[in-house]
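The values are calculated or read from the model by the stated rules, or taken from the named source; none is laboratory data. What you see is a predicted model, and the numbers here were worked out from it, not measured in a lab. Neighbour counts are summed over all protein chains in view; Cβ atoms, including those assigned to glycine, are modelled from backbone coordinates with ideal geometry.
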Amino acid sequence: MTTQHCSPWYYTKAILIFILMALFLCFEMALQVSPGVMTVPLRHDLQLTAFGLGLMSGVYFVTYTIMQIPSGLLYDRANFRILVSAAILICAVGAAIFGHAIGLWTGALARMLMGFGSAFAFLSVLTVAARYFPAKYFAMLTGIAQLLAAVGGIAGNLPIAYMVDKLGWRDSMGLLSLGGVVLALIILIFIQKPKAPIAEGDTVEPVWQSLKKIVHKKQTWLAGLYAFFSWAPMTAFASLWGVPFLKTAYGFSTTQAGSLCALIWLGVGLTSPIIGALSDMIGRRNPLLFLTAIIGAIGIAVVVYVPNLPIYLLGIALFFAGIGSSGQILSFAVVKDNAERKRTSTSIGFNNMAVVASGILVQPIVGRLLEAHSRLKTTTHSTYAMADFHTALVILPICFVLCAVLAFGSIKETYCGKKA
């Protein structure tokens, strides 16, 4: 798309839409990570094992993952405003049902609904960035989107932890549901999709043809693998198991542990726009993909395996772990660099599918490993020994190491230019 002749009013509307999609993203991330500060009451009220909790939380990523490519196809074809409003309302319905869950299956159904609607959130921001702003700003805008996602992640750990302590987890989910309804109505009533210029010769191709061309690109798969492994520590640690780990390792309260886990999201959020802008500035992707992976491997290894850290060093290590996961925003830039314009949203959806697929696998796997290696068969997280966590969480630094290998030897440098 050519944007140089667009009016200032056009960009004003585009920025407004970007901001509202960012609010959707913050809402989605708060829903995604909220079980991490509710683990004890969820297990008590719903009678869940550790594996059951991991399964219930992780099924969010089943529908989220399944809907990534369909959401991309819809964004490339359907009414943007109606699509986003409907997605937010589905999230709100899921949150309301979760607040009234009576067991594993009703909780899992609610999480699946939330995952279904949330599948449209991150992609909505990147679609606006790709369509309505110059290409040279895409990595930076993707970084800003990740910063906003981190704000949502922090919201899932700090205010929601406070609400859970004061109001209980059920009323907290009710308030989140109400917030989603308000946001959906604002978008539906007040916002219209700006009319972006259409590139000459652009046509809407059949769905099967779009998918065929995307899945036949080797670099798309390699970027997706990087995205999967770099985000796995976030879904496993920051979104679910980090709070119980820190409570076991240091005796923190839920609010204290949630506050420290928020430093991981802070690391992701503050670093993402910087590396996005830096990548655009130097015209390279791979060096930053490699560097963030190494920093993440060191950070998460220190958190899990170095005992009795002073709280400031623990905070720094958690922040470094977040820096490691910030590298996944450049995987989106690699995918966009290799995608044709008419398949941009679908290609981005494919990559985001790889990101969230980590939640489907890693959250319940960590729960299963905790159970398999636990020496105390009771019903609370506090009974897991540090050795159990050490065994279960070993996959996290390994994921970052695999990212470094992909960045160093497999993903081809795009030099921030289109290769399609």
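Need the failing condition index for Arg77 against (1) farther than 28 Å from Arg284 by Cβ; (2) within 17 Å of the chain's Cα centre (by Cα), just the number.
The single condition Arg77 does not satisfy is (2).
Name the residue, out of Ile102, Ile82, that is out of contact with any Ser or Thr (no Cβ under 9 Å at 6 or more places or on another chain), touching a residue at least 12 places away in the same chain (Cβ under 8 Å) and not in a helix (DSSP H, G or I).
From the options Ile102, Ile82, the qualifying one is Ile102.
Can you tell me how many residues within segment 324-347 are at pLDDT 80 or above and either more than 14 Å from the chain's Cα centre (by Cα) or over 25 Å from Ser57 (Cβ atoms) (or both)?
Result for segment 324-347: 9.
Are any of the residues in segment 74-84 over 22 Å from Gly180 (Cα atoms) and modelled with pLDDT under 90?
Looking through segment 74-84, at least one residue is over 22 Å from Gly180 (Cα atoms) and modelled with pLDDT under 90.
Can you find, within segment 166-198, the residue that is modelled with the lowest pLDDT among those that are among the hydrophobic types (A, V, I, L, M, F, W, C), more than 23 Å from Thr255 (Cβ to Cβ) and over 23 Å from the mean Cα position of the chain (by Cα)?
Once the filter is applied, the top-ranked residue is Ile198.
May I ask you to list pairs of residues, at least six apart or on different chains, whose Cβ atoms are under 6 Å apart, with the first in segment 205-224 being hydrophobic (A, V, I, L, M, F, W, C) and modelled with pLDDT of 85 or more and the second being surrounded by 14 or more Cβ atoms within 10 Å (Cβ to Cβ) and not in a helix (DSSP H, G or I)?
Leu222/Ser410; Leu222/Ile411
Considering only residues of segment 314-370 that are over 30 Å from Asp388 (Cβ atoms) and of a type in the set (Phe, Trp, Tyr), which is surrounded by the most Cβ atoms within 10 Å (Cβ to Cβ)?
Phe332
From the list Gly359, Gly299, which residue is of a type in the set (Gly, Ala, Ser), under 28 Å from Leu141 (Cβ atoms), free of Cβ contacts under 8 Å to residues at least 40 places away in the same chain and assigned to a helix (DSSP H, G or I)?
The conditions single out Gly299.
Out of the residues in segment 18-52 meeting the condition of being in contact with a Pro (Cβ under 7 Å, 6 or more places away or on another chain) and modelled with pLDDT under 85, tell me which one is surrounded by the fewest Cβ atoms within 10 Å (Cβ to Cβ).
Phe51
Taking Leu55 as the residue in question, decide whether it is touching a Phe, Trp or Tyr at 6+ places or on another chain (Cβ under 8 Å) and either at pLDDT 90 or above or in a helix (DSSP H, G or I) (or both).
no
Would you confirm whether or not segment 232-255 contains a residue that is within 18 Å of the chain's Cα centre (by Cα), within 14 Å of Phe332 (Cβ to Cβ), buried (at least 20 other Cβ atoms within 10 Å of the Cβ) and touching a residue at least 40 places away in the same chain (Cβ under 8 Å)?
Looking through segment 232-255, none of the residues is within 18 Å of the chain's Cα centre (by Cα), within 14 Å of Phe332 (Cβ to Cβ), buried (at least 20 other Cβ atoms within 10 Å of the Cβ) and touching a residue at least 40 places away in the same chain (Cβ under 8 Å).
Please count how many residues of segment 295-309 are surrounded by fewer than 18 Cβ atoms within 10 Å (Cβ to Cβ) and among the β-branched types (Val, Ile, Thr).
Residues meeting the conditions: 2.
Filter segment 105-135 for residues that are over 16 Å from the mean Cα position of the chain (by Cα) and outside any helix (DSSP H, G or I); which is surrounded by the fewest Cβ atoms within 10 Å (Cβ to Cβ)?
Pro134
Would you confirm whether any residue within segment 274-295 is among the aromatic types (Phe, Trp, Tyr) and within 22 Å of Leu225 (Cα to Cα)?
Taking every residue of segment 274-295 in turn, at least one turns out to be among the aromatic types (Phe, Trp, Tyr) and within 22 Å of Leu225 (Cα to Cα).
Which numbered condition trips up Asn286, out of (1) farther than 18 Å from Ala404 by Cα; (2) in contact (Cβ under 8 Å) with a residue 24 or more places away in the chain; (3) polar (S, T, N, Q)?
With respect to (1) farther than 18 Å from Ala404 by Cα; (2) in contact (Cβ under 8 Å) with a residue 24 or more places away in the chain; (3) polar (S, T, N, Q), Asn286 is out only on (1).
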